[in-house]
Amino acid sequence: LGGFLLVLWYLLGGVVLCLTIIGIPFGIQCFKLSLLALLPFGKTVVSTERFSGCLATIMNVIWLLVAGLEIAFLHL
């Protein structure tokens, strides 16, 4: 049942990120990841063009400190 814990953490991270206007796009991606962790069958992960810039770097650092480390440990 480890996948269910991942779903909960991704949902929690998505809700926290959606509390701010800047975090809404990142929160939506968390909701997509939670759905992928819940129902991975028949899905393919496609890498797209990456957004780079100051905002993306700041949001990645905030994500790492707020929920990224916990979710990384859950994946292990």
A careful count of residues in region 7-40 that are open to solvent by less than 80 Å² (accessible area, probe 1.4 Å), at pLDDT below 85 and among the hydrophobic types (A, V, I, L, M, F, W, C) gives 2
Condition set more than 19 Å from GLY3 (Cβ to Cβ) and touching a residue at least 12 places away in the same chain (Cβ under 8 Å), scope region 63-76, selection least open to solvent (accessible area, probe 1.4 Å): answer is TRP63
LEU55 vs (1) without any contact (Cβ under 8 Å) to a residue 24 or more places away in the chain; (2) open to solvent by 70 Å² or more (accessible area, probe 1.4 Å): all pass except (1)
Subset of region 20-62, residues part of a helix (DSSP H, G or I), among the hydrophobic types (A, V, I, L, M, F, W, C) and over 18 Å from LEU5 (Cβ atoms), comes to ILE24, PHE26, ILE28, CYS54, LEU55, ALA56, ILE58, MET59, VAL61, ILE62
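The values are calculated or read from the model by the stated rules, or taken from the named source; none is laboratory data. The shown structure was predicted, so the numbers you read here are calculated from the model rather than taken from an experiment. Every residue, glycine as well, gets a Cβ built from its backbone with ideal geometry; the counts of neighbours run over all protein chains shown. Heads up: the accessible areas ignore ligands, DNA and RNA and are worked out on the full protein's heavy atoms, side chains in. Shrake-Rupley method; radii C 1.70, N 1.55, O 1.52, S 1.80 Å.
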